[in-house]
1. Estimate the FRET efficiency between Asn3 and Gln48 by the formula 1/(1 + (r/R0)^6), using the beta-carbon distance for r and 30 Å for R0, to the nearest 0.05.
2. Can you work out the FRET efficiency for the pair Glu74 and Leu97, with r the C-beta to C-beta distance and R0 = 30 Å, to the nearest 0.05?
3. At 7 Å along the Cα-to-beta-carbon direction for both Phe29 and Leu57, put a label point, then send me their distance in nm to one decimal.
4. Given the C-alpha centroids of the stretch 1-54 and the stretch 75-98, what is the distance between them in whole angstrom?
5. Over the chain, give the accessible area per residue in Å² for a 1.4 Å probe, as an integer.
6. Please give the helix 21-104 orientation as an angle from the longest Cα principal axis of the chain, in degrees from 0 to 90, rounded to the nearest 10.
7. Please report, in whole Å³, the volume per residue of the convex hull around the C-alpha atoms of the chain.
8. Which percent of the accessible heavy-atom area of the stretch 55-105 goes to carbon and sulfur, probe 1.4 angstrom?
Amino acid sequence: MTNMSPNDFLKAVDHAAGMNDRWLFLAAFCLLLLGGGLVIYWLVKQLQSLIADHRQLREAHHDALAQIIDKQNETAMKLAVCIDRNSEALRECAFELRRFQEGKL
C-alpha cells in the first residue's frame, strides 16, 4: 500500500466510507491527515521562501552598509587632510601676522 496512486487512495477511502460509521470515521481521519500534511508542506515551503528572501535582503543591506562605511571613511580621510592643511595655513598666517605686527612696532 505504499505505492498507491491518488485515485487508488480515493477509491479505498470511498469504499471504507460506504461500509459503516467506524470506517467512515477512519476515512475522514485519513483525509484529515492528508489535508493537514498538505497544509504543513505548504507552510514549510512558504517559510523556506521567506527565509531565502530574508537572507537576500540581509545580504543586500550588509552590502549597502559596507558601501556607506567606505564612503564615510573616505570622507573622514579627506576631512582629516583638509584640517591638517588648514592648521598649517593658520600657522603660516599667525607667523605672518606676528611678523607684520613686529614690523609696525
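1. Rounded to the nearest 0.05, the efficiency is 0.65.
2. On the way: r = 34 Å, r/R0 = 1.14.
That pair, Glu74 with Leu97, gives E of 0.30.
3. Once both label points are built, they end up 4.3 nm from each other.
4. 78
5. On the way: 9810 Å² over 105 residues.
Per-residue value: 93 Å².
6. That works out to roughly 0 degrees.
7. Once divided by residue count, the hull of the chain is 133 Å³.
8. 58
The values are calculated or read from the model by the stated rules, or taken from the named source; none is laboratory data. None of these values were measured; they are calculated from a predicted model. So basically every Cβ, Gly included, is an ideal-geometry build from the backbone, and we count neighbours across all protein chains shown. Accessible surface areas use protein heavy atoms only, side chains included; no ligands, DNA or RNA. Shrake-Rupley method; radii C 1.70, N 1.55, O 1.52, S 1.80 Å.
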